[in-house]
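*Asks:* I am attaching a structure below and will ask some questions about it afterwards.
No value in this document is a laboratory result; all are computed from the given coordinates. Here the structure is a predicted model, which is why all the values come from computation and not from measurement. Ideal geometry is used to build each Cβ from the backbone, glycine not excepted, and the neighbour counts take in all protein chains shown.
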Amino acid sequence: MTAMTTTTTATTTTVLDASDVTMRFGGLTAVRSVDLTVNSGEIVGLIGPNGAGKTTFFNCLTGLYVPTSGTVKYKGTVLPPKPHLVTQAGIARTFQNIRLFANMTVLENVLVGRHTRTKEGLWSALLRGPGFHRAEAASHARAMELLEFVGLEKKAEHLARNLPYGEQRKLEIARALASEPGLLLLDEPTAGMNPQETRATEELVFGIRDKGIAVLVIEHDMRFIFNLCDRVAVLVQGEKLVEGDSATVQGDERVVAAYLGEPFENAPGDEEVAEVEAAEAHAETTTDAAPGKENDR
Ligand SMILES: Nc1ncnc2c1ncn2[C@@H]1O[C@H](COP(=O)(O)OP(=O)(O)OP(=O)(O)O)[C@@H](O)[C@H]1O
């Protein structure tokens, strides 16, 4: 019995389980009761019009924000809402606006990303004993491996700020991978890229998935999302509108409406609609009672 259960569950495990996540900023609910899971071996997309709450949701997953309510679990354990502990647990991310150390080399940027995985403490680093040198050599080798994986090994000694934009994005990914994550969160990885760079990033993300790292990606480039993702969730005004495979999401009228006319962008909530309707009804009765009043303005 136990053996059978093990066999059937061994193939897929839930890596990320975000449940009923809500994030309020004062009176604004940026994320409302969102559930989302990412399973091992999956690439999941998170899309939605500008201001839909995608980045806020990412920030709730990675400990930058403490959600107003809801829980976030990584491999079955509730995550502490502290970014470095989330990274240590196994979630790495990149940011919408590139956050590299501009005046450090490409290699140094990746080495910085390894700090949560190196055990050598302060004294070891200061005394520079054999343990420190072994750890340093291993970190260096791993960082070079990651640079090769993203295609930047020849630029290891260049300053990060001198890389073209598309390569800076790749370097961010290499640095995130340096923490040896089980889940990688990518926030608009192709922003500012040309179509060729975007296709290359697509291949890179497939390569990351093939290394056994699950991926959750926010992106505005729909072609990229629908080519890449096993599952796509759509956020509109902080709420999950639809979730499904690419074909299901692409064919959903509500998603098309949210994007084409962007009627959801600044659409009023139910309360505001009711208020406006009541005001209109009131105006109509007043106008009926006092004809000509509408010309007073
Ligand atoms: N720190 C904050 N304080 C107050 N409001 C915030 C904060 N961060 C985000 N918001 C608001 O929350 C809403 C969701 O923003 P968010 O950046 O998460 O959307 P998004 O879907 O990532 O948008 P985009 O696609 O433009 O990046 C917006 O109305 C935004 O103004």
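*Asks:* Rounded to the nearest Å, what's the spacing between the alpha carbon centres of region 13-43 and region 213-230? Just the number, please.
*Replies:* 17
*Asks:* Further question: Would you mind calculating the gained length between LEU85 and HIS220 on full extension (0.36 nm times residue separation, minus the Cα-Cα distance), in nm to one decimal? Display every interim value, and only then the final one.
*Replies:* Working: separation 135, 0.36 × 135 = 48.60 nm, distance 2.90 nm.
Here the answer is 45.7 nm.
*Asks:* By how many nm would the segment from GLU180 to ASN39 lengthen if fully extended, with 0.36 nm per residue of separation less the alpha-carbon distance? Working shown, then result.
*Replies:* On the way: separation 141, 0.36 × 141 = 50.76 nm, distance 1.72 nm.
Contour length minus Cα-Cα distance gives 49.0 nm.
*Asks:* In whole percent, what relative contact order does region 151-254 give with Cα contacts below 8 Å and a gap of six or more residues? It would help to have the intermediate numbers written out before the result.
*Replies:* Values: 94 pairs, mean separation 19.7, N = 104.
The value is 19 percent.
*Asks:* Moving on to the next point. Report the rotationally averaged projected area of region 46-97 based on its alpha-carbon convex hull, in square nanometres.
*Replies:* On the way: hull surface 16.2 nm².
Spelled out: convex hull of the Cα atoms, projected over all directions, averaged, 4.0 nm².
*Asks:* How much length, in nm to one decimal, is gained on full extension between LEU64 and HIS133, taken as 0.36 nm per residue of separation minus their Cα-Cα distance? Working shown, then result.
*Replies:* Values: separation 69, 0.36 × 69 = 24.84 nm, distance 3.33 nm.
Stretched fully, the LEU64-HIS133 segment lengthens by 21.5 nm.
*Asks:* Here is a follow-up. Less than 10 Å Cβ to Cβ from PRO195, Lys/Arg counted +1 and Asp/Glu -1: what total charge do the surrounding residues give? Mind dumping the intermediate values first?
*Replies:* Numbers: positive: ARG199, ARG223; negative: GLU197, ASP221.
After counting each charged neighbour, the total is 0.
*Asks:* Using a Förster radius of 30 Å, what is the FRET efficiency between ASN194 and VAL78 based on their Cβ-Cβ separation? Nearest 0.05, please. Display every interim value, and only then the final one.
*Replies:* Working: r = 41 Å, r/R0 = 1.37.
Using R0 = 30 Å, I get an efficiency of 0.15.
*Asks:* Okay, moving on. Lys and Arg at +1, Asp and Glu at -1: add these up for the other residues within a Cβ distance under 9 Å of VAL249 and post the number.
*Replies:* That works out to -2.
*Asks:* Oh, and also: Step through the residues of region 208-219 one at a time and calculate ³J(HN,Hα) from phi using the Karplus curve (6.51 cos²θ - 1.76 cosθ + 1.60, θ = phi - 60°), rounding each to whole Hz and writing x for Gly and Pro.
*Replies:* Listing the rounded values in order: 5, 4, 5, 7, x, 9, 6, 10, 10, 10, 9, 7 Hz.
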